[in-house]
Amino acid sequence: MSGTRRTRRARGRGLRAPCGSGFTLLVLALLTGCGAGESAPQKPAAASAPPSGVALSPEQVQALGIRTEAARAADYEASATGFGVIVSLETFAQAYAEVATASAAAAQSTAALARARSLASGEDAAVSQEVLDNAASKSAADQAALALALRKSEAVFGVHTPWRSAADLKRVLDRLAQGHTVLARVTFPLGALPQGQATEITLARIGRRAQGWHTRVTWPAPADPALPGRGFFALLDGSDLLQGEHVMATTAVGGHLSGVWVPQAALLLSEGDSWVYVGSAGGPYVRVRVEPNRPDAGGYVVASGTGIAPGQPVVVSGAGLLLSRELNPAGSGGG
């Protein structure tokens with residue numbers, strides 16, 4: 001029995017002895033694994049270094065065909081674009097004629113009813129009750145005809161027109177006939193207007209760099225089954241647009257931003273981002289990341305403080321060669 005106990009104690013001491021047995025290796029491995037969490041922390045992955053730029057001599061700039069264009073200060077306002085047409089004078093005149101005719105008839109019959117009432121009163125009545133009843137019936141019929149003409153006009157031009165009477169309608173017609181004013185109907189695509197309204201509209205001929213005219217006299221137009229979207233009418237003064245002419249319409253839908261305009265040719269795609277190379281007098285060409293989400297007149301407006309200043313040259317030709325030299329200076333003969 002005692003021998004057996006000694007054998008067991010020897011085996012126990014053997015587990016703690018530094019030997020080459022398999023058990024020893026297993027224990028060492030377990031101890032090493034348990035202590036791994038207490039080892040020195042791993043070094044964090046190195047952050048990607050910002051673009052360092054590419055320095056070129058004047059001869060290299062000429063050889064590589066590097067060409068720049070100055071960025072300029074610009075204001076940006078997000079806008080929605082739609083299309084429209086200048087309403088013909090005939091369409092407007094027809095609506096005016098119906099309203100004017102009904103308005104004149106209603107005014108005449110109302111005056112006749114007032115005279116009949118004055119003559120039918122008192123002991124010495126000059127007209128009979130039948131005459132008075134006929135005058136009242138005629139006045140009511142003419143008022144109903146006027147209301148119908150106004151409803152027909154609303155069906156064409158909407159219920160929020162800037163004219164509230166036949167006299168207002170005539171003044172607008174006179175300006176249209178003299179060419180001082182044009183009436184446009186425009187449609188913006190569904191979902192293009194977050195607020196559903198266009199309180200200010202700019203109209204321009206279709207084409208690049210076309211002149212535009214601005215107006216605040218706008219109101220919702222009835223839905224057009226042939227053209228889905230949000231429709232508006234706009235009265236515009238001082239333009240030379242012609243009846244039936246198709247136009248482009250824009251309206252602001254976002255906040256105002258002051259920034260810098262860069263040409264579209266300056267943009268360079270790399271590493272999943274958009275970049276622009278900017279230069280300075282005697283300095284390297286530095287790559288600046290931009291967000292091309294504000295298109296404007298053949299370029300983009302980027303927010304101020306992104307590394308591009310008004311008047312600073314931006315590379316519009318040869319940006320790909322600059323990127324190649326920046327990423328692989330040794331392979332391209334150095335920076």
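Readers should treat all values here as calculations from the given coordinates under stated rules, not as data from a laboratory. The structure presented is a predicted model; accordingly, all values stated were derived computationally and were not measured. Note that we place each Cβ from the backbone using ideal geometry, even for glycine, and neighbour counts take in every protein chain shown.
Note the direction-averaged projected area, equal to a quarter of the hull surface, for the Cα convex hull of the range 187-247, in nm². Before the final figure, lay out the partial values.
Details: hull surface 19.0 nm².
Approximately 4.8 nm², given one-decimal rounding.
Answer with one residue from V286, G254, L203: the one whose Cα lies farthest towards the positive end of the charge dipole of the range 195-335, charges on Cβ with Lys, Arg +1 and Asp, Glu -1.
It is V286.
In debye, nearest 20, what is the charge dipole magnitude of the range 90-159 about its Cα centre with +1 on Lys and Arg Cβ and -1 on Asp and Glu Cβ, if you could check? Can you show the working numbers first?
Details: 5 positive and 8 negative charges, 32 e Å.
About 160 debye.
So who's got an amide H within less than 5 Å of the one on A221, skipping anything under 5 residues away but keeping other chains? H placed 1.01 Å off N, in plane.
HN-HN under 5 Å from A221: G231, F232, F233.
Let me see the P(r) profile for the range 90-159: every Cα-Cα distance counted, bins of 10 Å, each bin given as a percent of all pairs.
Values per bin, smallest distances first: 22, 35, 23, 14, 5, 0.
Along the charge dipole of the range 90-159, pointing to its positive end and built from +1/-1 on Cβ of Lys, Arg, Asp and Glu, which listed residue (V156, A140, A95) has its Cα farthest out?
Positive-end residue among those listed: V156.
Computed over the Cα atoms, what is the radius of gyration of the range 126-236 divided by 2.2 N^0.38 Å, N being its residue count? Walk me through the intermediate numbers first.
Values: Rg = 20.0 Å, N = 111, 2.2 N^0.38 = 13.2 Å.
For the range 126-236, the normalised Cα radius of gyration is 1.52.
Which net charge results for the neighbourhood of V85, defined as the other residues with beta-carbon distances under 10 angstrom from its beta-carbon, given Lys and Arg at +1 and Asp and Glu at -1?
On the way: positive: R185; negative: E245.
Once positives and negatives cancel, what remains is 0.
Let's test the formula: R0 of 35 Å, r as the Cβ-Cβ distance of A140 and D240. What FRET efficiency results, to the nearest 0.05? Mind dumping the intermediate values first?
Numbers: r = 47 Å, r/R0 = 1.33.
Calculated value: 0.15.
Among E154, E98, E326, E130, what is the fewest-to-most ranking by other Cβ atoms within 10 Å? Before the final figure, lay out each step's value.
Numbers: E154 14, E98 17, E326 20, E130 9.
Fewest to most other Cβ atoms nearby, the residues stand as E130, E154, E98, E326.
Under 5 Å between amide hydrogens, which residues at least 5 positions from Y285 or on another chain qualify, with H placed 1.01 Å from N in the peptide plane?
V54, A55, L56
Given R₀ = 30 Å, what would the calculated FRET efficiency be for R171 paired with A297, taking r from the Cβ atoms and rounding to 0.05? Before the final figure, lay out the partial values.
Details: r = 37 Å, r/R0 = 1.25.
Rounded to the nearest 0.05, the efficiency is 0.20.
Pull out the extension gain between Q178 and R289, defined as 0.36 nm times the separation in residues minus the alpha carbon to alpha carbon distance; nm, one decimal. Could you put the intermediate results ahead of the total?
Working: separation 111, 0.36 × 111 = 39.96 nm, distance 5.34 nm.
Fully extending the segment from Q178 to R289 adds 34.6 nm.
Divide, for the range 165-317, the radius of gyration over alpha carbons by 2.2 N^0.38 Å, where N is the residue count. Let's see the in-between values first.
Values: Rg = 21.1 Å, N = 153, 2.2 N^0.38 = 14.9 Å.
After normalising by residue count via 2.2 N^0.38 Å, the value is 1.42.
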